[in-house]
Protein chains: 2
Amino acid sequence: MTAMSDNDTREDLLAARAYLLRVAEPPASALWRFVADQGPIRAAELVRAGKVPVAVAKETDARRALDPHQDLRAATDCGARLLVPEDPDWPQWPLLVLEQRARWYRDMTPPLALWCKGPGDLDRLAVRAASIVGARAATGYGEQVATELGYDLADRGWTVISGAASGIDGAAHRGALSARGDTVAVLACGLDQDYPSSHAALLRQITATGLVISEYAPGVRPAKHRFLVRNRLIAALGGGTVVVEAGVRSGAANTAGTAHRLDRPVMAVPGPITSAMSLGCNTMLRAGYATAVSSCGEVIETIGGYVTDQERPDSPSRPTDGLDRRELSVHQALDRIQPRSMAKLAVESGIPLSSVRAILPSLELCGLARRTEEGWCAPN
Amino acid sequence: MTAMSDNDTREDLLAARAYLLRVAEPPASALWRFVADQGPIRAAELVRAGKVPVAVAKETDARRALDPHQDLRAATDCGARLLVPEDPDWPQWPLLVLEQRARWYRDMTPPLALWCKGPGDLDRLAVRAASIVGARAATGYGEQVATELGYDLADRGWTVISGAASGIDGAAHRGALSARGDTVAVLACGLDQDYPSSHAALLRQITATGLVISEYAPGVRPAKHRFLVRNRLIAALGGGTVVVEAGVRSGAANTAGTAHRLDRPVMAVPGPITSAMSLGCNTMLRAGYATAVSSCGEVIETIGGYVTDQERPDSPSRPTDGLDRRELSVHQALDRIQPRSMAKLAVESGIPLSSVRAILPSLELCGLARRTEEGWCAPN
């Protein structure tokens, strides 16, 4: 579908993809199908010439005169490059699900290319990846959980995908970075924009070791609809999406909804019902829409990955665990201070005296009963 | 099954049931079946004479010489009465499920009678009832949620069933009482015992308007296995069971498990994954074992009742909601146990002493601070 003829150079391909990526506001479903049919270079020529079906013209007419070389130069200037589906590190497999869903949902149309900044190989990074999303106005609780999840996932070799926003996103990225692990930020604006500005340093850090990606050319500013469009990439690139904190209507809930439509596991971190920031998560849990997760191990387990470090909330064992019902009754009839006779213990526990006689010495052996001169006691 | 012959008086019946209730340690499945077959008066005679099948003898031999009149007198002395299955206010319908489950689970055997204290009609109270259970070592969060749930349920005419323990149980009862609503405490000891002793006043309050009930005769002390046995009554009397806070292995989880075996809805309140006291709830949610509930409306909806006041998950209100930043700071500097001087509170809160002097009395007026001889405390 995206085959190049022998005469086309990589420069031609990049120019064509850069042009197609910007000529329509993503997600442009008619254009995407047109490119799949015609190949990128011919599709770009036809779009520029206006020789396209009506549906494609509707998506592209406003911008068809644009010069893609300007975007490519601006990208080079800010240290970014264009990753195209023809590249070996294009995340073919993770994005395949968008291609499938695009048949029913126009807003699930795959990206025509991706601007990238950083040394990471996106295809490799997406092999074992989890998306962590959540409220911008996160609470201390949410930020703590996101940081720990980010750290633990990265520490186990998982890539943390998020949106670089304030609050949960930033905490998840930072957690991954502090584990010296892999993290990918998917932006809703050009890679030359530091958005939010308070995350300029964070974005530089991610760029240094991981990857910052976007469908939007340098210079494109963030806008509300771009966040929603961007969310499908976050949902698709992660093997599952964890919502750490979210209000009732939120971008995070939108990403979760997208993950759901992509049949990727949706997870939610339970939180206090008294916290407005956990309302979205708790509502998703009540509706059975999300699986509750409380740890990195549970996230990996839910995504279906190999849990490297079996992390169970192991239940503490008690000394009385091995006792049967009758032994337990006798044990509980013992007082720590007041010694009791066997007869008294039989009445107290409701266990026949003959059994009490047999049970007490065995309890004594396990250190669960204490013999005194005046009778039997519970151990100190 | 429990028919009396015409010659038997109510006194005979009460003496027989009181005897049967104490002669075996509940739940005594063989004795229960024996009583169902023989009727209570004849069953009591046969047990006393030792003319019973081996299974019944095993359960009853240790105590068969006991005098039930002693228990009946002790009950009268402490203001309690014996409620028997032959009474019109016996909760036939709620307890029927135990009778059914007792075929498979010996520990689900129904009670042979119930000691009751208070003006309530148990059968009527159980028509619209929810059980609220949880950790003794509850956090402030758990107690707040239990109090609000108890209040809201009672306020809507629902009965709050719980176990009168410290922590969640007590908070749920108190919430119901402060709504001047119905609440039933099911004890694991005799009704003359104030257990826990810190709840003596609470138990008196419940007794004044609601009902305190127990399978255990006056004088019987609480014991671990009795709590577990008691839990089946809590689970059966509520139309569903809400776990507000629970550790991994807890009595509350046991009650939830019982409710589950009774096919009654099990609900859990989500909580911070960083809180050990929410671990049990969050684990049940993850396992799909419990339904997440965040409000009284959701509890009623889950039980399948008619939600009288459509309650959207609107952001919950707190007693401290109306406070400004300075009032809140002073409030948070208060300790529940350790009284603090105004000077100390000024340092602790960072609010000037002159303001602290003005703020404390107004907090006291709203019930958010408590004046003691040694200084100021948070309310109990």
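The values are calculated or read from the model by the stated rules, or taken from the named source; none is laboratory data. Keep in mind that this is a model prediction, so the values were computed, not measured. Quick reminder, even Gly has a Cβ in these numbers, built from the backbone with ideal geometry, and neighbours come from all protein chains shown.
Brief remarks on what is shown
- Any hit, the range B:286-298, residues being under 17 Å from B:Glu143 (Cα atoms) and of a type outside the set (A, V, I, L, M, F, W, C): yes
- Test: B:Gly210 is farther than 22 Å from B:Gly247 by Cβ, small (Gly, Ala, Ser) and surrounded by 24 or more Cβ atoms within 10 Å (Cβ to Cβ): yes
- Selection status of A:Ala129, at pLDDT 95 or above and either polar (S, T, N, Q) or more than 20 Å from A:Pro196 (Cβ to Cβ) (or both): yes
- Residue satisfying all of: in the range B:183-201; in contact (Cβ under 8 Å) with a residue 40 or more places away in the chain and surrounded by fewer than 24 Cβ atoms within 10 Å (Cβ to Cβ); nearest to the chain's Cα centre (by Cα) among these: B:Gly190
- The range A:353-373, residues that are among the hydroxyl-bearing types (Ser, Thr, Tyr), over 59 Å from the mean Cα position of the chain (by Cα) and within 14 Å of chain B (Cβ to nearest Cβ): A:Ser354
- In the condition set (1) among the hydrophobic types (A, V, I, L, M, F, W, C); (2) within 30 Å of A:Glu143 (Cα to Cα); (3) touching a helix residue (DSSP H, G or I) at 6+ places or on another chain (Cβ under 6 Å), B:Leu279 is compliant with all but (3).
- Among the residues examined, B:Gln92 does not qualify as within 14 Å of another protein chain (Cβ to nearest Cβ) and farther than 24 Å from A:Arg325 by Cβ.
- Search result, residues across the range A:336-352 that are crowded, with 16+ Cβ neighbours inside 10 Å and facing chain B (nearest Cβ under 10 Å): A:Leu345, A:Ala346, A:Val347, A:Glu348, A:Ser349, A:Gly350, A:Ile351, A:Pro352
- Number of the exception - B:Tyr289 against (1) surrounded by 23 or more Cβ atoms within 10 Å (Cβ to Cβ); (2) within 14 Å of another protein chain (Cβ to nearest Cβ); (3) under 25 Å from A:Ser294 (Cβ atoms): (1)
- Applying the criterion of being surrounded by 22 or more Cβ atoms within 10 Å (Cβ to Cβ) and free of Cβ contacts under 8 Å to residues at least 40 places away in the same chain to the residues of the range B:292-304, the residue that is farthest from the other protein chains (Cβ to nearest Cβ) is B:Glu298.
- A:Arg204 satisfies every condition listed in (1) over 26 Å from A:Pro110 (Cα atoms); (2) touching a residue at least 60 places away in the same chain (Cβ under 8 Å) except (2).
- Filtered residue count, the range A:259-286, keeping only those that are farther than 15 Å from B:Val269 by Cα and either touching a strand residue (DSSP E or B) at 6+ places or on another chain (Cβ under 8 Å) or within 7 Å of chain B (Cβ to nearest Cβ) (or both): 6
- Here A:Arg325 fulfils each of the conditions (1) out of contact with any Asp or Glu (no Cβ under 6 Å at 6 or more places or on another chain); (2) modelled with pLDDT under 85; (3) over 20 Å from B:Arg22 (Cβ atoms) apart from (3).
- Scope the range A:213-227; condition more than 20 Å from A:Leu96 (Cβ to Cβ), buried (at least 17 other Cβ atoms within 10 Å of the Cβ) and of a type outside the set (S, T, N, Q); matching residues: A:Tyr216, A:Ala217, A:Pro218, A:Val220, A:Pro222, A:Arg226, A:Phe227
- Residue within the range A:116-134 that is within 14 Å of chain B (Cβ to nearest Cβ) and within 16 Å of A:Leu279 (Cα to Cα) present: yes
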